[in-house]
1. Only one of (1) touching a Gly at 6+ places or on another chain (Cβ under 9 Å); (2) exposed (fewer than 14 other Cβ atoms within 10 Å of the Cβ) fails for residue 9. Which number is that?
2. Out of all the residues in the range 75-85, is one or more loosely packed, with under 11 Cβ neighbours inside 10 Å and assigned to a strand (DSSP E or B)?
3. What are the pairs, 6+ residues apart or on separate chains, where a residue within the range 54-73 that is at positive phi and surrounded by 13 or more Cβ atoms within 10 Å (Cβ to Cβ) has its Cβ under 9 Å from a residue that is outside any strand (DSSP E or B) and among the β-branched types (Val, Ile, Thr)?
4. Within the range 48-68, track down each residue that is farther than 14 Å from residue 18 by Cα, outside any loop (DSSP other than H, G, I, E, B) and modelled with pLDDT under 95.
5. Every residue in the range 31-46 that is closer than 24 Å to residue 79 by Cα and not β-branched (Val, Ile, Thr), please.
6. Looking only at the range 13-27, filter to residues that are in contact (Cβ under 8 Å) with a residue 24 or more places away in the chain and in a strand (DSSP E or B); which one of those is nearest to residue 72 (Cα to Cα)?
7. Quick check: is even one residue across the range 36-45 over 22 Å from residue 16 (Cα atoms) and charged (D, E, K, R)?
8. I want to confirm something. Restricting to the range 26-53 and keeping residues that are over 11 Å from the mean Cα position of the chain (by Cα) and under 16 Å from residue 88 (Cβ atoms), which single residue is surrounded by the most Cβ atoms within 10 Å (Cβ to Cβ)?
Amino acid sequence: MLVVDPATLTVKNTIPVGSKPKWIAVDSVNHTAYVIDAGDTTVSIIHTAKAMVTGTVPIDGTATATAADPTTHTAYITNRNGTLTVVTHR
C-alpha cells in the first residue's frame, strides 16, 4: 500500500500488506485502516499515524466489500460465500 502526500501527490511511504490488496476501510478515530488482501484472504490492520501493519487476520473466503465503524473500532467484511467477517482492533 502506498502512502501519498495529498499536497504534492508524491509517494511518502510504502506499507507492506498481503497479496492483491483490493478493499480498504478506515477508522479515523482509532487511526486504523483495514486492507483486504484478496490474494491470500486476509485483512492487514494498519496504524495509519505510524504507517505500519499491526496485525493480520484471516477472512472466510473472497471479500466483496468492507466498512469500518469508528464508534466500535470494528471492521465488517462481507464475503462471496455469504459469510461476514468481523474484526475488532483496539
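1. (1)
2. Yes, because at least one residue in the range 75-85 is loosely packed, with under 11 Cβ neighbours inside 10 Å and assigned to a strand (DSSP E or B).
3. 61/41; 61/83; 73/29
4. Once the filter is applied, which keeps residues that are farther than 14 Å from residue 18 by Cα, outside any loop (DSSP other than H, G, I, E, B) and modelled with pLDDT under 95, the range 48-68 yields 64, 65, 66.
5. Going through the range 31-46, the residues closer than 24 Å to residue 79 by Cα turn out to be 32-46.
Result: 33, 34, 37, 38, 39, 40, 44.
6. As a first pass, look at the range 13-27 and keep what is in contact (Cβ under 8 Å) with a residue 24 or more places away in the chain: 13, 15-18, 22-27.
From what's left, in a strand (DSSP E or B): 13, 22-27.
Working: 13: 28, 22: 23, 23: 20, 24: 17, 25: 14, 26: 12, 27: 9 Å.
Filtering the range 13-27 for residues that are in contact (Cβ under 8 Å) with a residue 24 or more places away in the chain and in a strand (DSSP E or B), the one nearest to residue 72 (Cα to Cα) comes out as 27.
7. Of the range 36-45, the ones over 22 Å from residue 16 (Cα atoms) are none.
No; the residues of the range 36-45 include none that is over 22 Å from residue 16 (Cα atoms) and charged (D, E, K, R).
8. 30
The values are calculated or read from the model by the stated rules, or taken from the named source; none is laboratory data. On a predicted model such as this, the values are computed, not experimentally measured, just so you know. Here the Cβ is made from the backbone with ideal geometry for all residues, glycine too, and neighbour counts use every protein chain on show.
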